[in-house]
Amino acid sequence: MNSVLYDVPGPKAKARNVVYTVVFLAVLGLVAYWVLSAMADKHQLEADKWSPFVTDSRVWTTYLLPGLVETLKAAALSILIALPLGAALGIGRLSDHRWVRVPVGAVVEFFRAIPVLLLMIFANQVYAQFTPISSDFRPLYAVVTGLVLYNASVIAEIVRAGVLSLPRGQGDAAVALGMRKGQTMLYVLLPQAVTVMLPALVSQLVVIVKDTALGGAMLGFGELLSQNRQITANYGANTIAAFTVIALIYIVLNALLTQCAALLEKRLRQGRKAAAVKDAGPITNVEMGGAGATGV
């Protein structure tokens, strides 16, 4: 018996998979035991290194939550700007006009090739020398600028690939109905391509959230990960504990983002199915070839 994507394993393959799973779990358990033993030998599992995150609310109200707010602020601003800008650049790359397609393609390839950290540093220097932006807000501006320039270029490629993945007949049918190029893109191609693009877009949004940490490492931006230094300085040598808690916050944050995207994708698919059923209309006896009349 076969499925669409792979051959269903037989009894021997299932037995091998069980063995592989058991071996993997055993190796994983040994690695975890070794890591915990090494941490215990270095006194990293002692209660006083972890208790501040449970017993002292100031760790959260003074460091972790403000850092999380800055991370969410930078990520939200970057997403709000990068999504429409990336969509516009992606549509520009699909233009029939060479004078639009070539410059847009050059911009996309240029910013996609530069590391996002370098874009942040360059933007920070530009804001410092050519704008009156205060040094208190300059890191946020630089982080958002770097994230927007890089991720808008990546999103442009996602949009272009999503539209090109659609059957050519979709655009041809819209043209046959008399729709202009812009109308075809806006009302026919993009709505269908959104479902195709959504997994890649979600992955890129997760990257945006995590890349805000680059601003904390190089520009002094007070995002979530940079709070590790403050926590360590004020609560002793509990670096591993701080990193562990911060990592768990990132995992929860990105899991929520992925879950929201999954719900959105489900709603989009259900909406398309409902629209297709509505457009098809009820099946009559005439449509069924007069089967009811023949049987009389």
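The values are calculated or read from the model by the stated rules, or taken from the named source; none is laboratory data. Note that the structure is predicted; figures quoted are calculated from it, not measured. Neighbour counts run over all protein chains shown; Cβ positions are idealised from the backbone, glycine included.
Listing for the model above:
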read-out	value
Residue within segment 61-71 that is at pLDDT below 90, of a type in the set (S, T, N, Q) and over 18 Å from Gln204 (Cα atoms) present	no
The lone exception for Phe243 - which of (1) within 30 Å of Pro52 (Cβ to Cβ); (2) in a helix (DSSP H, G or I); (3) modelled with pLDDT under 90; (4) not β-branched (Val, Ile, Thr) it fails	(3)
Any chance Gly220 is over 30 Å from Asp96 (Cβ atoms) and outside any helix (DSSP H, G or I)	yes
Pair list, Cβ under 8 Å, 6 or more apart: segment 74-94 residue farther than 18 Å from Leu190 by Cβ, other residue of a type in the set (Gly, Ala, Ser) and assigned to a helix (DSSP H, G or I)	Ala74/Gly215; Ile81/Ala152
Residue in segment 129-154 that is surrounded by the fewest Cβ atoms within 10 Å (Cβ to Cβ), counting only those that are of a type in the set (Phe, Trp, Tyr) and within 28 Å of the chain's Cα centre (by Cα)	Phe137
Lone qualifier among Leu190, Leu198 - being touching a residue at least 12 places away in the same chain (Cβ under 8 Å), farther than 23 Å from Asn124 by Cβ and in contact with an Asp or Glu (Cβ under 6 Å, 6 or more places away or on another chain)	Leu198
Failed condition for Ala87, given (1) in a helix (DSSP H, G or I); (2) touching a helix residue (DSSP H, G or I) at 6+ places or on another chain (Cβ under 7 Å); (3) more than 21 Å from Gly162 (Cβ to Cβ)	(3)
Unmet requirement for Tyr235, which otherwise passes all of (1) modelled with pLDDT of 80 or more; (2) under 27 Å from the mean Cα position of the chain (by Cα); (3) farther than 30 Å from Gln125 by Cα; (4) surrounded by 11 or more Cβ atoms within 10 Å (Cβ to Cβ)	(2)
Single residue of segment 162-202 satisfying the filter (hydroxyl-bearing (Ser, Thr, Tyr) and surrounded by 14 or more Cβ atoms within 10 Å (Cβ to Cβ)) that is farthest from Val116 (Cα to Cα)	Thr184
Yes/no for Ala213 being in a helix (DSSP H, G or I), surrounded by 15 or more Cβ atoms within 10 Å (Cβ to Cβ), at pLDDT below 90 and within 17 Å of the chain's Cα centre (by Cα)	no
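Yes or no, residue by residue, for (1) over 19 Å from Ala247 (Cα atoms); (2) in contact with a Lys or Arg (Cβ under 7 Å, 6 or more places away or on another chain); (3) assigned to a helix (DSSP H, G or I):
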site: Ala32; (1), (2), (3): no, no, yes
site: Ala38; (1), (2), (3): yes, no, yes
site: Gln44; (1), (2), (3): no, no, no
site: Lys49; (1), (2), (3): no, no, yes
site: Val59; (1), (2), (3): no, no, yes
site: Thr62; (1), (2), (3): no, no, yes
site: Gly67; (1), (2), (3): no, no, yes
site: Ala76; (1), (2), (3): yes, no, yes
